[in-house]
Amino acid sequence: MSINEQIHQRFGIPTETGRTVPPNKTLSDILGRRSCRSYRPDPIPEDLLQTLFATAFSAPSKSDLQQACVIRIEDKVKQRRIAALSPHPTWVADAPVFLVWCGDSRRIRRLAEWKEHSFANDHLDAFMNAAVDAGIALQTFIVAAESVGLGCCPVSQIRDHINALSAELELPQWVFPVAGLCVGWPAEQGAISLRLPLEVTVHVDHYDDTELLEQVADYDHRREAIERTPPEKQRMVEQFGTTEEYGWSENRTRQYAIPARADFGHYIINQGFKLR
């Protein structure tokens, strides 16, 4: 499949984009990626896993501060306890490899104390830098893992019970979980999720969402034509009922209509961050 055909598949609309781009495995891997939630029991060779970690931590880092870390869960009992913090415990518990990617502002603070330098940037940006470093490392690991045939699925839901998760991981101050990651050899091929059109996500010179509602309505229709949500699968029916016009925007705005992780900011403050 050409790059142009993959872009068409990913966004669900005809496009000229990618027609002049020659075949490229990295582009094809990313354009064709699918979340994987079902894994074969085959182990991941240790050397391969360590290579993927080395690749992940070769990713860009803010000012070379390297404020990310990963906790590899080898204790399967602990993995099942962490899985129970998620609404999808089965595939989290059964993943051959489960990782928790963390922002780590502790390391640089300890080094500042060692070198007898003040830590003068103790404000919101310290949290932001660590969170972004962790996110970049996580995504780099995913790209690397999927390039060798592994399947991955990030899991943010483990933060739903942030204090219990932090206790399981024995996180000290200034270290916080960003997301979990399931990794394994795919047992089945997942589906490609349509993405919002680039007209919604790519802006030129200034932010412009003038045509957002029309563009998202069209996107909803394209996506529902492929993965129509039956009434029994609609989110929070007891609160919102069912609707014929149930698309991505209805699903995701319902999700954000109900409070979730409202304690996360308090947790981050308790971890030592000053969010101003």
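The values are calculated or read from the model by the stated rules, or taken from the named source; none is laboratory data. These numbers were taken from a predicted model, which means no experiment stands behind them. Ideal geometry is used to build each Cβ from the backbone, glycine not excepted, and the neighbour counts take in all protein chains shown.
Just a few scattered comments:
- Taking segment 246-276 as the range and being surrounded by fewer than 15 Cβ atoms within 10 Å (Cβ to Cβ) and either over 19 Å from residue 87 (Cα atoms) or not assigned by TED's automatic domain parsing to the domain that holds residue 215 (or both) as the test, the residues that pass are 265, 266, 269, 270, 274, 275, 276.
- Within segment 189-213, the only residue that satisfies the criterion of being charged (D, E, K, R) and in contact with a Lys or Arg (Cβ under 9 Å, 6 or more places away or on another chain) is 195.
- Of the helices (runs of 4 or more DSSP H) lying entirely inside segment 218-276, the ones with 2 or more residues being within 30 Å of residue 191 (Cα to Cα), in contact with a helix residue (DSSP H, G or I) (Cβ under 6 Å, 6 or more places away or on another chain) and not polar (S, T, N, Q) are found at 248-255.
- Set side by side, the residues 133, 125 differ, and just one is in contact (Cβ under 8 Å) with a residue 40 or more places away in the chain and either in a helix (DSSP H, G or I) or assigned by TED's automatic domain parsing to the domain that holds residue 27 (or both), which is 133.
- Complete set of residues in segment 219-245 that are surrounded by 15 or more Cβ atoms within 10 Å (Cβ to Cβ) and either over 24 Å from the mean Cα position of the chain (by Cα) or of a type in the set (A, V, I, L, M) (or both): 240
- Being assigned by TED's automatic domain parsing to the domain that holds residue 68, at pLDDT 95 or above, among the aliphatic types (A, V, I, L, M) and outside any loop (DSSP other than H, G, I, E, B) is true of residue 142.
- Qualifying positions in segment 21-61 - more than 21 Å from residue 1 (Cα to Cα), over 19 Å from the mean Cα position of the chain (by Cα) and of a type in the set (Lys, Arg): 40
- Test: residue in segment 101-110 that is assigned by TED's automatic domain parsing to the domain that holds residue 62, outside any strand (DSSP E or B), among the acidic types (Asp, Glu) and modelled with pLDDT of 95 or more: no
- Looking only at segment 164-206, residues that are of a type in the set (Phe, Trp, Tyr), outside any strand (DSSP E or B) and within 30 Å of residue 269 (Cβ to Cβ) come to 1 in all.
- Checked against the criterion of being more than 20 Å from residue 164 (Cα to Cα), out of contact with any helix residue (DSSP H, G or I) (no Cβ under 7 Å at 6 or more places or on another chain), surrounded by 15 or more Cβ atoms within 10 Å (Cβ to Cβ) and of a type outside the set (Phe, Trp, Tyr), the candidates 31, 49, 65 yield just one match: 49.
- Qualifying residues in segment 134-174 (those that are among the β-branched types (Val, Ile, Thr) and more than 16 Å from residue 68 (Cα to Cα)) - the one surrounded by the fewest Cβ atoms within 10 Å (Cβ to Cβ): 148
- Any helices (runs of 4 or more DSSP H) falling wholly within segment 1-67 and containing at least 2 residues that are more than 17 Å from residue 148 (Cβ to Cβ) and not assigned by TED's automatic domain parsing to the domain that holds residue 149: 3-11
- Matching residues, segment 68-83, being under 15 Å from residue 182 (Cβ atoms) and part of a loop (DSSP other than H, G, I, E, B): 74
- Flag if residue 170 is at pLDDT below 95 and not assigned by TED's automatic domain parsing to the domain that holds residue 16: no
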